[in-house]
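A.B. asks: Quick one: this structure, given as structure tokens, is what I'll be asking you about.
Readers should treat all values here as calculations from the given coordinates under stated rules, not as data from a laboratory. Note that this is a predicted model, so its numbers are computed, not measured. Here the Cβ positions follow ideal geometry from the backbone for every residue, glycine too, while neighbour counts run over all protein chains shown.
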Amino acid sequence: MATEFKLYNVTKEDLYANKTKEQKATIQIEMVKMAKERGIKPTARYFNTYPATVRRYLKKYEEENENKN
């Protein structure tokens, strides 16, 4: 059974989905750096998003780096 993550005590402005493109690009890089250091779930909690979102950006970042090499 999959664990369902719920976001509590967060305003709409704090949610990742409600950020501008420029803010999202910056946040994505920060997410990848933090996820590599601390892990996926703590990073998701810090950015008020879901672990799947963090995993998606990690995968995207790793694929981009593989293509560059």
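A.B. asks: Toward the positive end of the charge dipole of region 19-68, about the Cα centre and with charges on Cβ (Lys, Arg +1; Asp, Glu -1), which of 28, 61, 46 goes farthest?
C.D. replies: After comparing all options, I get 46.
A.B. asks: Same structure again: Which three semi-axes in whole Å describe the equivalent ellipsoid of region 19-68, each the square root of 5 times a Cα gyration tensor eigenvalue, listed largest first?
C.D. replies: That gives 17, 14, 9 Å for the three semi-axes.
A.B. asks: Moving to a separate point now. Can you tell me which of 41-48, 61-68 comes out highest on packing, and rank the rest after it, using the mean Cβ neighbours within 10 Å?
C.D. replies: 41-48, 61-68
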